[in-house]
Amino acid sequence: MDHTQNILRNAGGKDPLLADFTALCETTTLEGAPKYALRPTMETLAKFICAQGNGPNKDMALFELSHLVCGVGALHGATGLSDFFLAPNKATPAFYKQVLNGATPGVSVSESGLVLTYDDKPFEVRFGRMPFLVALYEFLCSMDGFSYFQTFNDLFERLLEGPPLEKNIRACSNALASDLRKYRIAYLSSAQADGKFSQVYKFLQDRFDEENGIILHDECVFDFWHLHNQGKDYRGYRTVFDLFCDFARAFEESRLARAAAHAASLGLDSEAGEVDIASDLVADVNLEDWTSPFDIFDEDESGDIRFFKIKTERAPIENLMTYGPDALRLPLAFLRYEIFGQVQSGITTDLQVGRSKSSVEKRIACEDVQTYEERLQECQAILSHIKNLQAASLHVLNNSGGDNLVVFPTAAVERGEQAFSKMKRKGFDDQAMAHRDVFERAAHALVAMESQLLRYMKALEDKKVQTLFPQDREKFKSQFQLLYQEVRT
């Protein structure tokens with residue numbers, strides 16, 4: 001919760017806003033688990049509250065939410081709104097895909113989302129966007145001690161009085177925006193992210209002296225941090241990496257909307273380490289729709305099957321799966337985030353809990369830190385495990401019956417049987433065939449994980465990161481010595 005609340009604090013969020021947001025963060029399912037994922041759902045919500053959206057219209061999400069309310073109401077009636085938006089279930093795309101069904105004039109459910117059609121124009125709200133929109137709905141209704149609840153409830157009821165019409169949806173969206181502006185004025189002192197984005201943009205322009213464009217590559221993150229880490233805003237390397245991720249997404253959105261006045265293009269000299277924001281690594285992934293494949297394995301139905309060991313098979317790649325395309329865009333900067341960002345977090349913890357000076361100095365010196373070569377080997381081992389899980393899942397799908405069976409090649413069938421028999425862990429037993437649906441969802445997530453890992457490892461190998469580790473360790477050691485010099489005196 002700290003990172004998301006820092007977004008609000010950095011934008012001048014006052015105590016009532018922080019209390020409203022914290023209450024939503026603490027919303028739980030019937031089983032006591034958090035209803036909303038911290039990243040990306042609550043992080044996206046925090047940025048939206050602070051008017052830090054990427055597009056030209058920072059309240060576009062309210063327009064999407066109005067469509068979602070209209071569509072859900074048309075399919076399930078006014079009473080179905082609370083069942084959908086306030087359901088005590090984990091907010092995941094899979095859950096909303098499961099509960100949304102049926103069709104009515106102007107409203108239908110596609111494979112990827114809820115579609116409203118009016119004036120012969122379709123408007124789709126994607127399942128991947130729904131956890132955030134549901135969190136936004138609940139925040140709007142509960143903000144300022146639920147003082148807006150009845151106002152918004154009446155507003156939504158009027159929206160459902162007739163068929164979907166653009167003018168009615170826009171009227172609802174504008175009314176929501178008007179009240180949200182009042183709330184922001186009352187409880188949000190400023191939106192500092194705009195200033196930080198301008199700072200990054202100017203840094204990139206000055207650095208490369210490009211007349212009609214800017215260049216973004218891995219070294220930009222370290223150099224910006226090096227330049228600014230003596231101040232409180234950018235003391236943490238991870239904070240700067242997150243800032244550059246946010247900037248890259250906002251920049252691309254602005255470029256597509258033709259709203260970036262002087263940023264028509266980015267560097268494309270791959271041999272020099274430059275990368276276009278819309279490079280092949282991320283171009284086929286919708287950033288807004290990216291969710292961690294691990295979300296599938298966190299669903300209640302998957303709890304009885306141990307796909308991953310938490311410490312050795314999940315934790316090392318959890319951030320990689322959470323950041324998704326952002327990690328692929330700046331792979332070396334992300335590797336530094338993982339290795340040396342963790343070292344800095346350890347230093348901070350040591351200082352906070354008062355550990356010995358020798359312990360802190362050891363971290364500052366970057367001793368016993370995982371090398372880049374070891375990191376790649378770790379990723380390779382987990383990739384092999386993921387491929388074994390894919391084969392084992394294929395075995396379950398091939399032997400559990402059900403509709404739409406696929407005839408798998410003999411070699412694949414044999415590989416699946418072998419992988420399943422060697423998977424000596426909970427859930428991979430005679431009862432596995434009864435959980436076909438779980439293994440089917442897992443199979444899709446495992447494909448996404450394999451793709452993410454392969455792309456990341458290839459990007460690092462192309463950069464020959466193994467040879468960069470010694471100099472990187474010295475670079476971070478030097479910066480840590482400057483940042484925490486009071487420990488060494």
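Taken together, the values in this text are just the output of simple stated rules run on the coordinates, not laboratory data. All values derive from a computational prediction rather than experimental measurement. Here Cβ is always computed from backbone atoms with ideal geometry, including for glycine, and neighbour counts include all displayed protein chains.
For this structure, a couple of remarks:
- For the stretch 353-489, the equivalent ellipsoid derived from the Cα gyration tensor has semi-axes of 46, 18, 12 Å, listed largest first.
- With 21 Å as the limit, the listed pairs Lys311/Lys387; Lys232/Lys357; Lys97/Lys311; Lys387/Lys426; Lys47/Lys97 have Lys232/Lys357; Lys97/Lys311; Lys47/Lys97 beyond it between alpha carbons.
- Scoring 417-423, 16-22 by mean Cβ neighbours within 10 Å over their residues and listing the highest first yields 16-22, 417-423.
- Highest-first packing order for the peptide set 451-457, 379-385, 239-245 is 239-245, 451-457, 379-385, based on the mean count of other beta carbon atoms within 10 Å.
- In this simple spin-label approximation, Ser147 and Thr348 carry label points 7 Å from Cα along the Cα→Cβ vector, and these lie 3.4 nm apart.
- Entry note: the stretch 430-489 has Rg to Rh equal to 1.38, where both radii use alpha-carbon atoms and Rh is the Kirkwood radius.
- Over the chain, Cα pairs under 8 Å with separation of 6+ residues give a relative contact order of 14 percent.
- Using the Cβ-Cβ distance between Gln98 and Gln466 with R0 set to 60 Å, the FRET efficiency works out to roughly 0.85.
- Label sites at Ala78 and Lys422, each approximated as a point 7 angstrom past Cα along Cα to Cβ, lie 6.1 nm apart.
- In straight-distance terms, cross-link reach from Lys463 covers every one of the lysines whose alpha-carbon lies under 20 Å from its own, apart from those fewer than eight places away in the same chain; here that gives Lys475.
- Dipole check for the stretch 326-389: with +1 at the C-beta of Lys and Arg, -1 at the C-beta of Asp and Glu, and the Cα centre as origin, the magnitude is about 120 Debye.
- Each of Ala412, Leu453, Ile185 was scored by the projection of its Cα onto the charge dipole of the chain, and the greatest displacement toward the positive side belongs to Ile185; charges sit on the C-beta of Lys, Arg, Asp and Glu.
- Efficiency of FRET from Cβ geometry, Ser112 and Asn89, R₀ 30 Å, rounded to 0.05: 0.90
- Solvent-free Debye calculation, one equal scatterer per alpha-carbon of the stretch 1-99: log10 I(q)/I(0) at 0.10, 0.14, 0.19, 0.20 Å⁻¹ equals -0.32, -0.63, -1.09, -1.16.
- Dipole axis of the stretch 315-375 (+1 Lys, Arg; -1 Asp, Glu on Cβ), positive-most option in Tyr337, Tyr323, Gly354: Gly354
- Relative contact order, whole percent, for the stretch 1-147 stands at 26, derived from Cα pairs under 8 Å and 6 or more residues apart.
- Globularity index of the chain is 1.05 (Cα radius of gyration / 2.2 N^0.38 Å, N = number of residues).
- Share antiparallel - DSSP beta bridges, the chain, percent rounded to 5: 85
- Screening the chain for DSSP H helices whose Cα atoms reach 20 Å or more along their own axis and whose mean Kyte hydropathy is at least 1.6 gives nothing.
- Within the chain, helix-based [θ] at 222 nm, where runs of 4 or more DSSP H residues each add -39,500 (n - 2.57), nearest 500: -18500 deg cm²/dmol
- Total charge dipole magnitude, the stretch 42-181, about the Cα centre, Cβ charges on Lys, Arg, Asp, Glu only, Debye to nearest 20: 280
- Mean Cα-pair separation over length for the stretch 358-489, i.e. relative contact order, pairs under 8 Å, 6 or more apart, %: 41
- Stretch gain in nm, segment Glu373-Asn6, where the contour uses 0.36 nm per residue and the Cα spacing is subtracted: 128.7 nm
- Charging the Cβ of each Asp and Glu at -1 and of each Lys and Arg at +1, and nothing else, the dipole of the chain about its Cα centre rounds to 1040 debye.
- Bins of 5 Å, starting at 0 and running to the largest distance - Cα pair percent for the stretch 284-439: 1, 7, 13, 15, 15, 14, 12, 9, 6, 4, 2, 1, 0
- Highest mean packing comes first when the peptides 215-225, 150-160 are listed by Cβ atoms within 10 Å, giving 215-225, 150-160.
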